[in-house]
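See structure below.
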């Protein structure tokens, strides 16, 4: 079966009544955990973005605390997993400011992580790639926000 375009889906959904739409959403949420998480964000957390950011940051704190530090292999694997989770939450929000905040937080946590990431070129590269992404996203924000987040980024880099 081939998936149809978003426009075709939108047109078809506009012809459905409310009960059918609710049934479709519930059925969609049963198939994948990410669908359920996205619906949770849209229904309960999108109205309070600050609370959403804090909850994601708390989850990232927990994940960083539970990293196996026996070798850099395990650290790299865990950091990649944490970055994937961070990107998933960024994707749910779709707000550039939230993306910058969460990536800055991820980089801050990574830089302050012990053992130091300077001892691993791969972890250092991961950090640098995220810093470049933050710089790219900063340019799309309002000037006042750019200035504030640029100060945070400068503090992180020095």
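The values are calculated or read from the model by the stated rules, or taken from the named source; none is laboratory data. In this text, all values refer to a predicted model and were calculated from it rather than measured experimentally. Reconstructed Cβ throughout: ideal geometry from the backbone, glycine too, with neighbour counts over all protein chains shown.
Can you name every residue in the range 112-123 that is over 18 Å from residue 155 (Cβ atoms) and surrounded by 15 or more Cβ atoms within 10 Å (Cβ to Cβ)?
Once the filter is applied, which keeps residues that are over 18 Å from residue 155 (Cβ atoms) and surrounded by 15 or more Cβ atoms within 10 Å (Cβ to Cβ), the range 112-123 yields 120, 123.
Could you check the range 54-79 and list, in sequence order, the residues that are surrounded by 13 or more Cβ atoms within 10 Å (Cβ to Cβ) and under 15 Å from residue 108 (Cα atoms)?
Hits for the range 54-79 are 56, 57, 59, 60, 63, 64, 79.
Given the conditions (1) in contact with a helix residue (DSSP H, G or I) (Cβ under 6 Å, 6 or more places away or on another chain); (2) assigned to a helix (DSSP H, G or I); (3) in contact (Cβ under 8 Å) with a residue 12 or more places away in the chain, and given that residue 28 satisfies all but one, which numbered condition is not satisfied?
So the condition that residue 28 fails would be (3).
Can you confirm whether residue 86 is within 20 Å of residue 156 (Cβ to Cβ), within 13 Å of the chain's Cα centre (by Cα) and free of Cβ contacts under 8 Å to residues at least 40 places away in the same chain?
In short, yes.
Among the listed residues 114, 87, 81, which satisfies the condition of being farther than 27 Å from residue 148 by Cβ and modelled with pLDDT of 95 or more?
The conditions single out 81.
Examine the range 113-128 for a residue that is under 30 Å from residue 43 (Cα atoms) and not in a helix (DSSP H, G or I), and state whether such a residue exists.
No, every residue in the range 113-128 fails to be under 30 Å from residue 43 (Cα atoms) and not in a helix (DSSP H, G or I).
Which of the residues belonging to the range 129-151 are within 21 Å of residue 83 (Cβ to Cβ) and assigned to a helix (DSSP H, G or I)?
Hits for the range 129-151 are 129, 130, 131, 132, 133, 134, 135, 136, 137, 138, 149.
Is it true that some residue in the range 97-106 is farther than 30 Å from residue 29 by Cβ and at pLDDT 95 or above?
Yes, the range 97-106 contains at least one residue that is farther than 30 Å from residue 29 by Cβ and at pLDDT 95 or above.
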